[in-house]
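Down below is the structure, laid out as C-alpha cells.
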4 protein chains.
Amino acid sequence: MDYADIPTRPANRAPVNHRIDWPVGMRSCLFLSFDFDAESAWFDGDPRGWRHEVTVSHGGFGPRVGLPKILELLAGLELSATFFVPAWVAEAHTGLCEAMLRGGHEIGHHGGFHLKPSPDDMDASLAELDRGFEALSRRLGLEPVGYRAPCGENYSVFLDHLMVRGVKYSSSWRDDVFPYRHVLDGSKPGPIELPANYFFDDWMHGLIKGSGRNLVAREEVLSMWRDELEVTHEWGGITTTILHPQVSGRPSRFKILREFLEEAKELDGLWIANGAQITEHLESSPTFGDGPETA
Amino acid sequence: MDYADIPTRPANRAPVNHRIDWPVGMRSCLFLSFDFDAESAWFDGDPRGWRHEVTVSHGGFGPRVGLPKILELLAGLELSATFFVPAWVAEAHTGLCEAMLRGGHEIGHHGGFHLKPSPDDMDASLAELDRGFEALSRRLGLEPVGYRAPCGENYSVFLDHLMVRGVKYSSSWRDDVFPYRHVLDGSKPGPIELPANYFFDDWMHGLIKGSGRNLVAREEVLSMWRDELEVTHEWGGITTTILHPQVSGRPSRFKILREFLEEAKELDGLWIANGAQITEHLESSPTFGDGPETA
Amino acid sequence: MDYADIPTRPANRAPVNHRIDWPVGMRSCLFLSFDFDAESAWFDGDPRGWRHEVTVSHGGFGPRVGLPKILELLAGLELSATFFVPAWVAEAHTGLCEAMLRGGHEIGHHGGFHLKPSPDDMDASLAELDRGFEALSRRLGLEPVGYRAPCGENYSVFLDHLMVRGVKYSSSWRDDVFPYRHVLDGSKPGPIELPANYFFDDWMHGLIKGSGRNLVAREEVLSMWRDELEVTHEWGGITTTILHPQVSGRPSRFKILREFLEEAKELDGLWIANGAQITEHLESSPTFGDGPETA
Amino acid sequence: MDYADIPTRPANRAPVNHRIDWPVGMRSCLFLSFDFDAESAWFDGDPRGWRHEVTVSHGGFGPRVGLPKILELLAGLELSATFFVPAWVAEAHTGLCEAMLRGGHEIGHHGGFHLKPSPDDMDASLAELDRGFEALSRRLGLEPVGYRAPCGENYSVFLDHLMVRGVKYSSSWRDDVFPYRHVLDGSKPGPIELPANYFFDDWMHGLIKGSGRNLVAREEVLSMWRDELEVTHEWGGITTTILHPQVSGRPSRFKILREFLEEAKELDGLWIANGAQITEHLESSPTFGDGPETA
C-alpha cells in the first residue's frame, strides 16, 4: 500500500450530526460501560502470558474485588451499566456475569480471548467473534446487541459480520461525542456507534504495569471527568466510559468512581443508561437517521 | 559523519535579538496557530496506518467535532488564527478549509501526507512540499505564506525551496521566544521564523494513543499556559501555540482553550494575531532587520 | 502454548473472602513493608550493570542515607516493619540488616541477586531462593517466614519450595485487598498471601531512572495513599506497601512517608504491623480458613 | 562477567558521614549548578544528530534565550553558580562562557562532545576528558576544578585521570545528600563528591522531546523542590541542582527558578554557593576527612 492509495475522503463515511434528540427532558447522555477483561487483558497477544501469575493477578483483582464492589455501588445508586465481556471471561467467571444480569445490567460482546482484531487475519478475527457469541449464548443464554473491540482497535469490515449476528451498536471509535450510524462498503448502513471517550479509560490513570505512565490522583482524574461531562452536556452529546473493574474497583479508584457517579446523578438533564437502552432510543428516534433495514 | 565534522558554531546562524517592536501599544504577541492534521497525523510514516480505523478515528475527531467547535469559539471571540493544513486534508476536508477561510483565518502549508521531511530523501521531501502547494492552490485557490513542518522536524535546506514558492515565514524551530529571520547557506536571508512553543502543544497533555504520557488536568495545563504567556509577555516575545483540533476540540480540552483565550484577550498589551499578520508587521518593521530582498 | 491451552477458570484458585477478623478493635490492617534492594535493584537482569557506577548509585542511596533515616523514623513512631532483603544485600550491608533486627523489624526473603524468578529456568530460580535462605541464615542467623519476589513477578510453583523451607507468607500478588491462602497444584494449601498494593510502590512516583515516568509531588502521592487507605479501611482489608529506602529515604519522599505514617497512626481501628505478626494472627484466626497442615 | 563476580560490598567505598560542618551559622548548603549543554545535548551518541535542526533547536534555546536570562536573574539575586560546559560548547559559545566568568560564576568540565564515558572504550573516554581540559584552557584560559559527567553516567576509573589534571570535585553520583571523598582503587583518596539530586533535574519536568514524560506545572515542581530543600536543610546536607538553561530558561520554567531562588535566599542558615567554594570549604574543614594529599 502506498500513500497514493489512501482515498481522499474522511476515514469515517458517516454523516456528521451534532444534534441528537435525547429522551424528553434530557440534554445529554452518559453511557456507563465497563470492560470486564479480568485476567484476559494480560494474555492478549501471547497465550504464554497466562503463566506470569503476578502480572495476570492485576486482572484477577477485577473478579476477586473490583467487580463485586462495583455491582454493589451501582445497585446502591440504582444505575444500569453495560459490561463488555470476552468469551474466556464469560466461561471462567460465569457466576459474576450472572450477577451482572441479575443486577439489571447489559452484557456486551468483547471478543473471545480479548485479541485485537485484524483484517490481515480474517479467519482468526472472525473466529474470535464467533467464540464470543457462542460463549455468551451457551453460558449465559444471551445474544448481545452491543460490541466493543478488545485492545482499542477495530475495522468496519467486521461490523458487517457483527450485524448479521444481531449486534446493533458498536462502541469502539474515538471520533465523535455524538452517536452516529456507521456507513459500510457500498453505502450500506451499519450498526450505531456510541463513540468511546478515552479520558474515561481508567487504565490510563490507574495502572502502571506495562506502561510508562504515572498513577494519577483523584483530584486530577475528577477534574478531567467533570470537564468532559460538563462540556459534552453543554453540547448535547454522549459521554461514554471505558472503565475496568480491575482498575476502578481498586480502593482509591473506587472512591473516584463513586464520587463521579453521585455527582452525575445530580446533573439535571443527564440521562445515564446502558448501551442497549441508548441504542433502542436512537433507533426509534425519527431524527436520528435511517435504520439499517430501511436505508 | 564524525564529531569532528560538526562545526563549532551555533546551530542557528540567525543573530540573537531580544527586542521586537510590536504594533503600537503592544508588549508581546500571541501567535494563535493550529495544526489541522485530521486523520493524516495517524498514517504518517506508514500508509498502511490508514487501515487502522479506530486509531485513525482519533484524528477524525478533528473534522467531525473539534474544528467546527473551535471555529465557533474563535468567531465568538473575534480572533483570527492560522491553520496549518496538509495537502491530503485540504482534499479530504475541503469544506472545512473553506469554512476557515470564510471565518477570516489563515491557512498555512503543512506538507502533503504529513510526512517528516528529511535531507536524506530530497526528492520525496520536495515532492511533499509541492503536493502541499498544489493542493492548497487547486482546492482552495490560495498561495500559502506560512509553513510548519509536519512531525516536528525541519531543515534549513528546505526553507530555500519554500521561499521560492512564496513562503515568507516558518514556524517550526524551538530555539527562541523572539521571532528572527533565518540565515541560510551563503549568508542568504531566509524566511522569518515564528518559533513554536512546545508547552502549547496540546498533544502532549491531551492524547495518550501511541505515547506513554498521561492526560493532564485543566488546572495543570492552564497553569503552564498562563506562566508561559506571563513571562513571555514580560520579556516582550512571541507565544506560539501548536494546537490540534483533534485534541483541543475534545470537551475537556475545549474548556481549557476557551478559558485561556478569554484570559488572553483581557491581557493588556497582548497582540493576538495569525502568522501572516505577524509576518507582515515584522517585514515592515524598521528595527527587525533586513528583509530577504535587500540583504 | 496456544490459547486453547489456557484453562477456563480464575488464575487464582484461592477462594474469595472479603471478611477478615482482625485483632479485637481493629477494622483493617496496614502491612508496612520495604524492599531493601540497595544496589541490587540496578544490576538485576545483567551482572554487568554493577559496573555502571552512577546508575548503581541510585541504589546506594538506600544504605547510605535512606535506610538509616527510615529506621530512625520508625523508631520514633514505634512501628515495626518488614524489610525484604536479597542475599547479596544481606552480605554487602550486613550491619544495616543487624540494625533492622535490633530495631524490632522483620527481615523477609527477597531473592539472591534480586533476579526475576522464571519457571523456564527452574534450576536458576531455585538456586536464587536457596541463596537467599543461605545468606540470611549465615549472616543474620535467621530463617525468614516471609517472601516477596524480586522484580514484581512470581509463580505458584515456587511457593511449594518456599513452604518446605519455612516460609509462611508471600507478598507478591496484586489481585486482592484481603489476605488469602494460596491453593497450589493438587488443591494443596500454600502460604498465606498478603497481597501488595502498587499505589504504594514509591518507585513509581519517585524515580525517573530507566522509566518514562514523572516524579510526582507530595500532594498527589499523599492523596492517592490516603484514598487507598481510607477505602481499604472502610472495606476491612489490608494495605500493603512496597516502599524502597532508596526512594522513600530521599528528602522529599521521606516527608511524604513521615506525614503518611503519622496520619495512619491516628486512624482509629488501623492495625499497623509487620508480615510475621499479621501471618501469625491469621493462622490463629478460626475464620481465616484451613492452615497448611490441616487442609 | 557473572553475578558471582560482583563483590559483596557497597558499590561506593567512601565512608558514610551524615555530619558536615558548614561555614559558621550555616545549617545546609545549596550547590547551584547548571549543565550548559546547548546543542550538544542533542547530538550525543550520534554526530548525525547535528543535522536534525529542529531537534537541535531545543538545545539552541539555551544560548539564544535561556542562559542570558538566567545570568541576569543570578546577577539580580547576587548568586554565584557553577556552569558545567562541554568543550564543543566552550568553542561554539565562547562569548557566553566569558559572560559567565564576568558574572562571577564557576565553569566546570562537562566532557568534549557531551559523550557518555565508558570504561569499555578508555581511549575515547579519555580523549573526551582531554578535549574538555584543552578547550576550557585555550578558549577561556581556565583550569576547571569541578567535573560533572555528561549523560548521567560515570566510573571511578576516570576520577583518577581527572585528579591528575587538577579536578578537585565531582558532581555526578546520586547516592547521598552529604558530600564525601571518593575512595579509589587501592584505597586511594579521590576527589570530593558533591552528589547530585535528580529531583532538581529540570529536564525531567520541563522537556518532552525524546521522552514519554509529561511537562509538569509550576505548583508541582515547586512543591518537590521545596520539600527536597526543606528536609535536606533539616538533615544538614547538600542540595545539588542539575539545571539546564535550555529548560529553566523557558518562560514558565524561569518563573519556577526565580521563585525558588528567591525563597532559598530567605531560608535561614542556607549557604548558596558554587562548587569551587564548597570544595574549598570542605577541604579546609578539619572534620571532613583526609584530603587527597595526606591520605
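What is the residue count in the stretch D:89-132 for residues that are under 25 Å from C:HIS52 (Cα atoms) and out of contact with any strand residue (DSSP E or B) (no Cβ under 7 Å at 6 or more places or on another chain)?
Total satisfying the criteria: 21.
List pairs: first residue in the stretch C:210-228 and within 21 Å of C:ARG174 (Cβ to Cβ) and free of Cβ contacts under 8 Å to residues at least 40 places away in the same chain, second residue of a type in the set (Gly, Ala, Ser) and not in a loop (DSSP other than H, G, I, E, B) anywhere in the structure, Cβ distance under 8 angstrom, at least six positions apart or on different chains.
Qualifying pairs under 8 Å: C:VAL216/C:GLY206; C:VAL221/C:GLY206; C:MET224/A:SER252; C:ASP227/A:SER252; C:GLU228/A:SER252.
What's the total number of residues in the stretch C:132-161 that are under 20 Å from C:LEU184 (Cα atoms) and within 14 Å of chain A (Cβ to nearest Cβ)?
So the answer is 12.
Test each condition in (1) among the hydrophobic types (A, V, I, L, M, F, W, C); (2) over 30 Å from D:ARG131 (Cβ atoms); (3) more than 14 Å from chain A (Cβ to nearest Cβ); (4) buried (at least 17 other Cβ atoms within 10 Å of the Cβ) for B:ALA11 and report the one that comes out false.
It fails just one condition, (2).
When both residues are 6+ apart or on different chains and their Cβ atoms are under 8 Å apart, which pairs have a first residue that lies in the stretch C:49-61 and is farther than 19 Å from D:VAL16 by Cα and more than 7 Å from chain D (Cβ to nearest Cβ), and a second that is at pLDDT 95 or above and in a helix (DSSP H, G or I)?
C:GLY49/C:TRP42; C:GLY49/C:THR55; C:GLY49/C:VAL56
Among the listed residues B:ALA87, B:ALA124, which satisfies the condition of being within 15 Å of A:ALA4 (Cα to Cα) and under 16 Å from the mean Cα position of the chain (by Cα)?
On inspection, the qualifying residue turns out to be B:ALA87.
For C:PHE83, state whether it is farther than 26 Å from C:GLU134 by Cβ, in contact with an Asp or Glu (Cβ under 9 Å, 6 or more places away or on another chain), among the aromatic types (Phe, Trp, Tyr) and crowded, with 23+ Cβ neighbours inside 10 Å.
Details: farther than 26 Å from C:GLU134 by Cβ: no; in contact with an Asp or Glu (Cβ under 9 Å, 6 or more places away or on another chain): yes; among the aromatic types (Phe, Trp, Tyr): yes; crowded, with 23+ Cβ neighbours inside 10 Å: yes.
Spelling it out, it is not the case that C:PHE83 is farther than 26 Å from C:GLU134 by Cβ, in contact with an Asp or Glu (Cβ under 9 Å, 6 or more places away or on another chain), among the aromatic types (Phe, Trp, Tyr) and crowded, with 23+ Cβ neighbours inside 10 Å.
Restricting the search to the stretch B:148-158, which residues are over 14 Å from the mean Cα position of the chain (by Cα) and either in a loop (DSSP other than H, G, I, E, B) or surrounded by 19 or more Cβ atoms within 10 Å (Cβ to Cβ) (or both)?
If the condition is that a residue be over 14 Å from the mean Cα position of the chain (by Cα) and either in a loop (DSSP other than H, G, I, E, B) or surrounded by 19 or more Cβ atoms within 10 Å (Cβ to Cβ) (or both), then B:TYR155, B:SER156, B:PHE158 are the ones that fit.
Looking at A:ALA127, is it touching an Asp or Glu at 6+ places or on another chain (Cβ under 9 Å) and modelled with pLDDT of 95 or more?
no
If I ask for residues that are surrounded by 24 or more Cβ atoms within 10 Å (Cβ to Cβ) and over 28 Å from B:THR239 (Cβ atoms), which ones from the stretch D:47-80 would you list?
Selection gives nothing.
Given the structure, is A:VAL145 in contact with a Gly (Cβ under 8 Å, 6 or more places away or on another chain) and more than 28 Å from A:GLY49 (Cα to Cα)?
yes
Which is without any contact (Cβ under 8 Å) to a residue 24 or more places away in the chain and either under 30 Å from A:GLY59 (Cβ atoms) or over 20 Å from the mean Cα position of the chain (by Cα) (or both), of C:MET26, C:MET1?
Exactly one residue qualifies, and that residue is C:MET1.
Among the residues of the stretch C:62-113, count how many are aromatic (Phe, Trp, Tyr) and away from chain D (no Cβ under 13 Å).
Qualifying residue count for the region: 2.
Hey, among the residues in the stretch C:168-203 that are of a type in the set (S, T, N, Q) and within 11 Å of the chain's Cα centre (by Cα), which one's nearest to the other protein chains (Cβ to nearest Cβ)? Outline the logic, then answer.
Within the stretch C:168-203, the first condition is being of a type in the set (S, T, N, Q), and the residues that meet it are C:170-172, C:187, C:197.
Remaining after also requiring within 11 Å of the chain's Cα centre (by Cα): C:170-172, C:197.
Details: C:SER170: 10, C:SER171: 11, C:SER172: 5, C:ASN197: 8 Å.
Once the filter is applied, the top-ranked residue is C:SER172.
I need a count of the residues in the stretch B:15-31 that are among the hydrophobic types (A, V, I, L, M, F, W, C) and surrounded by fewer than 24 Cβ atoms within 10 Å (Cβ to Cβ).
Residues that pass the stated criteria total 5.
What are the residues in the stretch B:159-185 that are part of a loop (DSSP other than H, G, I, E, B) and among the aliphatic types (A, V, I, L, M), if any?
Filtering the stretch B:159-185 down to residues part of a loop (DSSP other than H, G, I, E, B) leaves B:165-168, B:171-179.
Once the filter is applied, which keeps residues that are part of a loop (DSSP other than H, G, I, E, B) and among the aliphatic types (A, V, I, L, M), the stretch B:159-185 yields B:VAL167, B:VAL177.
Listed residues A:LEU267, A:LEU222, A:LEU261, A:LEU229; which is within 30 Å of C:GLY236 (Cβ to Cβ), away from chain C (no Cβ under 14 Å) and out of contact with any Lys or Arg (no Cβ under 7 Å at 6 or more places or on another chain)? Walk me through how you get there before you give the answer.
Details: A:LEU267 fails: within 30 Å of C:GLY236 (Cβ to Cβ); A:LEU222 fails: away from chain C (no Cβ under 14 Å); A:LEU229 fails: within 30 Å of C:GLY236 (Cβ to Cβ).
Answer to the selection: A:LEU261.
Keeping to the stretch C:99-132, report how many residues are hydrophobic (A, V, I, L, M, F, W, C) and crowded, with 21+ Cβ neighbours inside 10 Å.
5
Looking at the stretch C:197-295, what helices (runs of 4 or more DSSP H) fall wholly within it and have at least 3 residues that are of a type in the set (A, V, I, L, M), surrounded by 18 or more Cβ atoms within 10 Å (Cβ to Cβ) and at pLDDT 95 or above?
In the stretch C:197-295, the matching helices (runs of 4 or more DSSP H) lie at C:218-235, C:251-266, C:275-283.
What is the one condition in (1) of a type outside the set (Lys, Arg); (2) over 17 Å from B:GLY152 (Cα atoms); (3) at pLDDT below 95 that B:LEU77 does not satisfy?
Status for B:LEU77: all satisfied but (3).
The values are calculated or read from the model by the stated rules, or taken from the named source; none is laboratory data. All values reported here derive from a predicted model rather than from experimental measurement. Backbone-built Cβ (ideal geometry, glycine too); neighbour counts: all protein chains shown.
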